[in-house]
Structure formats: structure tokens, C-alpha cells
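See below for the structure under consideration.
The values are calculated or read from the model by the stated rules, or taken from the named source; none is laboratory data. This one's a predicted model, so the numbers in the text were calculated from it and none came from an experiment. Cβ sites come from the backbone with ideal geometry, for glycine too, and all protein chains shown count toward neighbours. All accessible areas refer to the heavy atoms of the entire protein, side chains included, with ligands and DNA or RNA removed. Shrake-Rupley method; radii C 1.70, N 1.55, O 1.52, S 1.80 Å.
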Amino acid sequence: MESGELQPRPGPSVGAKPADGRGGWRAAHFLLAVVFLERVGFVGVEGNLIMYLTGPLGMSTAAAAASVNAWAGTVLVRPLVGALAADSRLGRYGAVLTAGVLYLVSLGILTVSSTLHPRRPHGESSASPAGLAFFYIALYLIALAQGFHRPCAQALGADQFAPSGNDPGAQASRSSYFNWYHFALAWGYAVAAVTLSYVEDNVGWTVGFGASWATMVLCLSVFLIGAPTYRAEQRVDGTPFADAARAWAARVFRRRNATGTERLLAPQPEDGKGLVAKLLPIWLTSLVFAAAISQLNTMFTKQGSTMDRRISGLVVPPAALQCIVSFTFIVMVPVYDRGLVPLARRFTGHHAGITTLQRIGAGMAMSGAAMVAAALVEARRLRVARDAGLVDRPDVMVPMSLWWVIPQYVLIGLAGVLGKIGLEEFFYDEVPDTLRSVGVALSLSALGAGSYVSGLLVSAIDWGTKRSGKSWFSDNLNQAHLDYFFWLLAALVAMEVAVFLHFANRYVYRNKAGSDP
């Protein structure tokens, strides 16, 4: 063997610990706790943002939805910045540490800025220019912090297990980690949706944002306490793309035969341009799926805000309805990982039961079903509002129980369990080892781009329908037509699924373990 030939880095098998005792599930448990706490702090801002914009900041529904979609898109595209920094200079540990510091700074600024926006009647802005400046600086610093944290914490957790390869056991362990990663995320979402959104709506925004800041202090502390258990990263020398290129070259152009001699091979589609060409169709055909599930933080929240949210004498905050999605994750991730995967494995022989692309396709279909459910519920809500004489009374609760919206939230949760986790695992597995953070970031960027698509759709439809009559997104939702918007998204998802299946059926996985047996 030539001295310059690249060789795979040896690593422990699944369930085994490295020689120095680092890595494995012990380290992963610390990182899962970090993920949980980070989500609590982050969702304390994200989950109720549209209510803050239409409340203290006095924005219209359409403008607030567009702003939330633009910010949410930035949140999910920024991971490309954090991932590139991690895989080139900082390392994944350093990137997560940087995210912790950024979170403390940004949430501190946001908490202070909220004291400049007292409550005012709907539609009347209380924001001063200085207050708005502080608010948007804080908001987009939070997006930057998320960009460092999300892909790098997830990739660092997956790195605690055996290196990539064709070992089905190693693939199964890592696949299981992706499921439990989202289990921790779901608990974070649920806790934030139930507690922090209630505090923000009933105690005050400053107290709620301050609680998010305090949670991030705890998050950073747990991350540092767990540091001695983390598997050491490969040295980052600032040239990950060169390293990846050399790895591709070694794999693509040379292959050792049975006699131990090497022979030159023709270029294969896994060179740099070929890999991009393979991944791009999957990325593009995920955008409508992402646009559909992004309604959770915008139109679903506004829809629920008009309904009867009283349960046992308590009024449920609109953003707290998002905890239904979290509880769907909490229930279905263990069922999927411990029940459905072993069952499917018996029939398919695949380490994860089904391939990642099959999982993504199923998630897309679920998102379409969620849009259909939302459209039907909204059509009924409008009828109830008309029958109750509330068409011109948007501040009066529509006599329709919030229980009606539970199916659409559950379906969005199932779409996430299948589609979002599938996308993250797919892109993580399909990039070179030195670019794992970038792989996770690619999946998140698809979700972010989908939020931009949703924002553009909302803005275009609002402009077009205003010119022809009443906007679909009127501030008075009893005169709006969110049901038409949900039907449009359902139709777009159906077309996307058809195109996705075309590309998925022709896709060749990078590792044999990722494909059908």
C-alpha cells in the first residue's frame, strides 16, 4: 500500500466504548440533555413570536406571518454558516460552545428590548425605533446562535458512536440516535410551549424571555460538565474541503483488488459535482414539505387563537397548541424506534426498517394530509363564526373547541417523525465524514428555504387577493380564507410527492447500508 493512500480511521464497534472510555451513549446522554435545554430556551422565543409581533409590535397578520417565515427561514439556513465554521476551523465542540455564548448575548438583548414595548391595543404599535433595532438585532443573533448549535450538536452526538461505513450495526446505532435526538427536541418544545408561552401571555414578555435566557445558562453549564465524556474530534486543520476531495479521490479513482494491487477507475458520480447533482433533487423536492410544516408557527397559531381554548377553567395560549406536535414526537419516536423499526426489519432486512428516502416520502404524504385536515377545520370554523354572527367581531371567541385542531397538529407531528428526522439522517450519511455538520445543515437549510417559500406564497397571495377583493389573510380571520391557503398547500404537496418519488426511485446511496438490501 502506498504511504500516501488514505485509509479509514479505525473506531469502536456499536455498543463498545473507545479505549479512553469516551463516547457512546454516556456522552450522548449529556448532549441530549443539552439539546433539550436549548430547545426550551429557543422555542420560548420562536413558538410565540407571531403573537408578539401582532401584539406589542402591532403588526398585521400577513406582515407578521411574512416576518416570522423570513426569520424562520434564516434560522434554518444559518446552520450552513455554523457547519462550515465547525468543519473548517472551530470543530463541532467549539461551534456548540460559541452558540452558547451567542445565545446568552442575544437573549439578554431581547429581554431588555421587550421592556421598551408595553402592551397596546391590537394594531397599534408601541415600538420605538431604538426598541425595534434592539429587537431585530437580538432576533437575528438568536438565528446565528441556532446556526452554530443545531447542526453541530446533532453531528457531535452522532459522532459519539462508531464511524461511518457499511456495518449495519453501526448504522442502526446512529439511526437510533437520530430518533432519540428528536425525542429530546420534542420534550424541549413541549415544556416551552406549555410553560413559557403561558408566562409570556399571562405574566409578561420580559419574564418569559428572561426565563429563556436562564435556561440557556443551564444549557451551557451541562454542555461543559459533559465535556470529559465526549469522543475527541478529528483534528480540524482548516482544509476540510481539501480533505474531503482527497478522500473522494482515493475512493473514486483507486480500488484494491484481491491480489493487493491497485487499479485506476473511471470517475464515478460521487466526485464533488456528482454528489451535488445527486443531492440537489432531494433538497429541492423537500421545499413544499417544509413550507407545509412551517404553518405550525404561523397560520396554525393564528387559527387556534380565535377558537374556544378554555380547558377546566384555564385559557390555553395559542402557541401552547404546538405541544401537541411535541407529544406526538414523544409518543411516536419510541414506538417507531423500538416497535416499527424491528418489525419492518424482519420483512426488509434493512438496518432501519425502511430506507431514509422511503421515510422522507412518507413524511411528505403526512404533511399533505395535515393541510387537508387544517383546511376542513378552518372551513368549519368560518361557518361557525357566520352562524354565530361573529364575521365582523374578530375579538370575540368563536364558539368552536380547540379539540378540532388536534388532528392537524398530530399529522404535522407524524410528518416530522418521518420526514424531518429522515432528511437529517439522509444528508448526514450522504456526505463525506469531514463534512458531517454540513450534511445536517443541508437538511436544515431545506426546511429554512421552505419557510422562505411559505413567506413568498403568503405575500404573493395577500397582494393578489387584496387587489381582487378581500385578502385570504385578513387581520379579521373570520373574513379571511386560510382554508383556501391550506388547500393550495395540500395540492402542492401532492405534486411534490410525485416528483420526489421519481428521483428517490433512481437514487444510489453512498453507502450500501443505506439502500435496500
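Residues in the range 154-168 include at least one that is part of a helix (DSSP H, G or I), at pLDDT below 85 and outside the structural domain of VAL68 (by the TED database). Checking ALA369, ALA362 one by one, the residue that is more than 30 Å from SER173 (Cβ to Cβ) and not charged (D, E, K, R) is ALA369 and no other. All conditions in (1) within 19 Å of the chain's Cα centre (by Cα); (2) of a type outside the set (Ser, Thr, Tyr); (3) surrounded by 20 or more Cβ atoms within 10 Å (Cβ to Cβ) hold for VAL377, with the sole exception of (1).
Residue by residue, here is whether (1) under 26 Å from LYS278 (Cα atoms); (2) without any contact (Cβ under 8 Å) to a residue 24 or more places away in the chain; (3) open to solvent by 60 Å² or more (accessible area, probe 1.4 Å) holds:
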{"residue": "PHE426", "(1), (2), (3)": "yes, no, no"}
{"residue": "LEU447", "(1), (2), (3)": "yes, no, no"}
{"residue": "LEU457", "(1), (2), (3)": "no, no, no"}
{"residue": "ASP462", "(1), (2), (3)": "no, no, no"}
{"residue": "SER468", "(1), (2), (3)": "no, yes, yes"}
{"residue": "PHE485", "(1), (2), (3)": "no, no, no"}
{"residue": "VAL493", "(1), (2), (3)": "yes, no, no"}
{"residue": "VAL508", "(1), (2), (3)": "yes, no, yes"}
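Selection of the range 395-423 for residues being charged (D, E, K, R) and either outside the structural domain of ALA362 (by the TED database) or modelled with pLDDT of 90 or more (or both) yields only LYS420. When the range 88-98 is filtered for residues that are open to solvent by 10 Å² or more (accessible area, probe 1.4 Å), more than 8 Å from PHE148 (Cα to Cα) and touching a residue at least 40 places away in the same chain (Cβ under 8 Å), the ones remaining, listed by number, are SER88, ARG89, LEU90, ARG92, TYR93, LEU97. Would a scan of the range 34-42 turn up a residue that is in a helix (DSSP H, G or I), open to solvent by 10 Å² or more (accessible area, probe 1.4 Å) and farther than 23 Å from SER305 by Cα? Scanning the range 34-42 turns up at least one residue that is in a helix (DSSP H, G or I), open to solvent by 10 Å² or more (accessible area, probe 1.4 Å) and farther than 23 Å from SER305 by Cα.
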